[in-house]
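Only one structure is covered here, and it is reproduced in the block below.
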Amino acid sequence: MRGKFKIKNRIFTPFLSLMLLATLLVPTAFVFAKPKVISVSLEKGVLKDIEIPNAPTNFTRGGEYRKLVQIRYNPSTKVLRFIPKQVGIGTLIIKDQNEKVIYEVRIDVKQTDLFKIAREIKRLTSDIEGINIKTLNNKVIVDGEILLPKDMNRIHSVVKQYGDKATNLVTLSPMAQAKIAQFIEREINNPEIQVKAVNGKFIIQGTCRDEREMQRAEIIAKAYAPDVVVDEAVADKKTQQRRADIVINLCEVRQGAAPEPKKIIELIVHYVELQKDYQKGFRFQWTPDIGDGTQVDFSTGGRSPGGAVATISGTIRNLLPKLNWAKEHGHARVLNSSSLIVQDGNEGILNSLSRIPYQVVNAQGQPSTSFEEVGIRTNITPQIIGSRSDSVSLNLNFAIKSLISQTAAGPLTSSREIKTSIVVRSRQSAAVGGLITNDTGTAYNKLPEDASRNPLISLYASKSFRRNQSQFVVFVTPVIKASASAGAEKVKQKFRLKD
């Protein structure tokens, strides 16, 4: 029996040794296990209970908490009650009988009104997304990123009411700047213009058609640009913000192509003057008179005796009666046509003048020759209305001076002038002005210039009637041409000209 037990003991000795080793190591593993950490945020004067289910019946307490809170423990429910006494931060360590740390409670006691302030701020800013409201370091801190600058104004107004008990750390989100840049680019609506947000600024880049489009893009960007949010460090003059416009315009104006040559306008002007004159006269004349021919002759020598000889003689003129009757009709039409090719927007001048000479006597009695100009003066400035329109605006100035008759004092002339502005379509004519004159006269018993001044018998009767009418009209026809050489082939064929 001894031998068997010895054999058995020998057989189980290694096994028992392993069991003993395991038994010794297990408590060591439990000793080095990490305790459970619990954070407790308390308000001064407000009780708070927490559960500690792993706490033993008899445990020891350690840590710096006695000045901050008063602790009561209920072993039946394993509930630990904290009664805050003073604002501050401390730690409660719960250990078992083997000095093993089971719980590490981190205590933070704050003023009672901070939580009330936090609740009020959260209620007042509930419609603003992207912010967090926390209570740290005995202050209510509002932190986060917002999209709209107007929300920053609301947050600032709310936080400002609580003075030093609340702090605003909210910033404007970079995503908001990028979104506003997209809105600006969409409103400009030009694929060659890009807008990007950099460091709170909006940069416009690209190529514009003209200066007006570049100014329009800048005005749109300034309208969309949000208000500048000033950081507290800048407001407290701890840092200095760089001064720069919120909108930076880097657009360039595209160099346009050379302007197209101006169009050519042919101006055809017709001066039309119609004249009619009518004269009718009747005259009966019997005015005989005697012309005195008395003379005295002296003669001497020869066979005849000398002496004075007187001779009396007379001549009767206009002895026979005269009857004159005349009726005259006159019709005349003066037509002057001129053609002028002018570039669009330029002034065209065409004059057709003649100089009529006449004799004059100066103050010293010496004769000299002077000239009187008669003819037509034409001054026209055409302007095409619109790039695709066929209407032409014409500024017209016409003057015509014609000869009526030659007198002893010089040429007798008449002048007519028209100055106006009209709009005429291409290849259509317009009567731009007209002048009508009517002259009528009647004379009775008017002696002619060669009538006798001392007639023996005067039987004279006459009647004359005259009427002169004239009408002056100017017609203008503008023709828009592709080039000045258009129509040259027809002219060559008409006059049989060869190159």
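Key figures for this structure:
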| item | result |
| --- | --- |
| Links that overshoot a 29 Å alpha carbon limit, given the list Lys48/Lys95; Lys48/Lys165; Lys139/Lys196; Lys36/Lys160; Lys122/Lys196; Lys44/Lys78 | Lys139/Lys196; Lys36/Lys160; Lys122/Lys196 |
| Calculated diffusion of segment 331-452, Stokes-Einstein form, Kirkwood radius summed over Cα pairs, 10 °C and 1.306 mPa s, µm²/s | 85 |
| Total formal charge among the other residues, if their Cβ is under 11 angstrom from that of Leu80, Lys/Arg +1 and Asp/Glu -1 | +3 |
| Accessible surface, segment 43-185, averaged per residue in Å² (probe 1.4 Å) | 60 |
| For segment 382-446, accessible area per residue (1.4 Å probe, heavy atoms of protein chains only), Å² | 64 |
| Residues with amide H under 5 Å from that of Thr91, placed H, sequence gap 5 or more | Glu64, Tyr65, Ile107 |
| Convex hull per residue volume in Å³, alpha carbons only, for segment 51-181 | 142 |
| Chain lengthening between Asn190 and Val79 when straightened (0.36 nm per residue, less Cα-Cα) | 33.0 nm |
| Whole-number Å³ per residue for the convex hull built on Cα positions in segment 106-155 | 82 |
| Cα-based Rg and Dmax for segment 371-412, where Dmax is the largest Cα-Cα distance (Å) | 18.1, 58 |
| Area of Tyr271 that stays accessible when all protein chains are in place (1.4 Å probe, Å², to 10) | 10 |
| Highest average packing first - 437-444, 61-68, 123-130, Cβ atoms within 10 Å | 61-68, 123-130, 437-444 |
| Normalised convex hull volume, segment 162-203, alpha-carbon set, Å³ per residue | 82 |
| Net charge over other residues, Cβ less than 14 angstrom from the Cβ of Arg66 (K, R count +1; D, E count -1) | +3 |
| Distribution of pairwise C-alpha distances over segment 334-377, 5 Å bins, in % | 5, 15, 16, 15, 11, 12, 9, 7, 7, 3, 1 |
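The values are calculated or read from the model by the stated rules, or taken from the named source; none is laboratory data. Since the structure is predicted, the reported quantities are computational estimates derived from the model, not experimental observations. Because the Cβ atoms are built from the backbone with ideal geometry, glycine has one as well, and the counts that use them run over all protein chains shown. These area figures cover heavy atoms from the full protein model, side chains too; ligands, DNA and RNA do not enter into them. Shrake-Rupley method; radii C 1.70, N 1.55, O 1.52, S 1.80 Å.
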